[in-house]
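Every number in this text was worked out from the coordinates using simple rules, so none of it is lab data. Note that the coordinates shown come from a computational prediction; the quantities given were computed from them, not determined experimentally. Neighbour counts run over all protein chains shown; Cβ positions are idealised from the backbone, glycine included.
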Amino acid sequence: MTRYAETLRLLATLPAPQAFAGIQRERITVYSAEIGIPFPPSLLEWLIHANGASVESQYLVGIDGTLPTDMPSLYTLHPNWKAAGLIPVASDGCGNHYVIATRQEYGKGCPVLFIDHERNADIPDFLVASDFSIFVSEFVRREANGSNGWPFDPQSTLRIDPNLASFSGAPLPWSN
């Protein structure tokens, strides 16, 4: 059983869920090399299980055109993300996106950040998770079970993801 078994189970309980079949590790590593950004192990493992998914009006991004907006399409719209080492991983369905920062500019690790397109579509607004595995789990759990406070309530968020507090260089969601 993988670390994503519960997340995939919850995803299947949502109204009109649509998770796309995973893709081969080789395809992921080839794409990662093509864009020049190494994928964190947690994202690579997720894509092996689900190459994108719709989550209500939101979606989790895949590599190979499973949704109207996949990684290649998002990099076409936002070329500065690739140059900054940001990997798009989700959208809230309103034009805002979640990205993984891969260059350690926020601290050790690859945190997930939120980008508000109305502020600046190239600059992350705030940190939401210390790792993609926590992000995807909470993203799907919030839709399946209703809000648990993540990512805007400091107590519940830090209980779920204590490592989030170790990052700097971008505010936490409750700081805005």
Review point. Using a basic spin-label model with each label point 7 Å from the Cα along Cα→Cβ, how many nm lie between SER147 and ASN80?
Key: 3.0 nm
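Given +1 on the Cβ of Lys and Arg, -1 on the Cβ of Asp and Glu, and no further charges, what dipole in debye does the chain carry about its Cα centre, rounded to the nearest 20? Mind showing how you got there, number by number?
Numbers: 11 positive and 18 negative charges, 70 e Å.
It comes to approximately 340 debye.
For the range 112-143, state which GluC sites (Glu not before Pro) are in a DSSP loop and have at most 11 other beta carbons lying within 10 Å of their beta carbon. All intermediate terms of the calculation are to be shown ahead of the outcome.
Values: sites: GLU118, GLU138, GLU143; in loops: GLU118.
Answer in residue order: GLU118.
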Practice item. Using 0.36 nm per residue of separation minus the Cα-Cα distance, give me the extension gain between HIS117 and ARG159 in nm, one decimal. Key: 12.3 nm
Check your understanding: PRE reach from SER168 (point 7 Å along Cα→Cβ): which of the range 90-127 fall under 14 Å by backbone N?
Key -> 105-108
Check your understanding: Where the Cα atoms of the range 5-175 are projected onto their three principal axes, how long is each span, largest first, in whole Å?
Key -> 38, 37, 29
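Which trypsin sites (Lys or Arg not before Pro) does the range 42-120 hold that lie in a coil by DSSP with at most 16 other beta carbons within 10 Å? Present the calculation step by step, with values, prior to reporting the outcome.
Working: sites: LYS82, ARG103, LYS108, ARG119; in loops: ARG103, LYS108, ARG119.
When the trypsin sites (Lys or Arg not before Pro) of the range 42-120 are filtered for loop state and at most 16 Cβ neighbours within 10 Å, ARG103, LYS108, ARG119 remain.
Given 0.36 nm per residue, what is the gain on full extension from ALA33 to GLU56 after removing their alpha carbon distance, in nm? Please report the intermediate quantities before stating the final value.
Working: separation 23, 0.36 × 23 = 8.28 nm, distance 3.14 nm.
Value of the extension gain: 5.1 nm.
Would you mind calculating the gained length between ARG103 and ALA21 on full extension (0.36 nm times residue separation, minus the Cα-Cα distance), in nm to one decimal? Walk me through the numbers on the way to the answer.
On the way: separation 82, 0.36 × 82 = 29.52 nm, distance 2.87 nm.
26.7 nm is the gain from fully extending ARG103 to ALA21.
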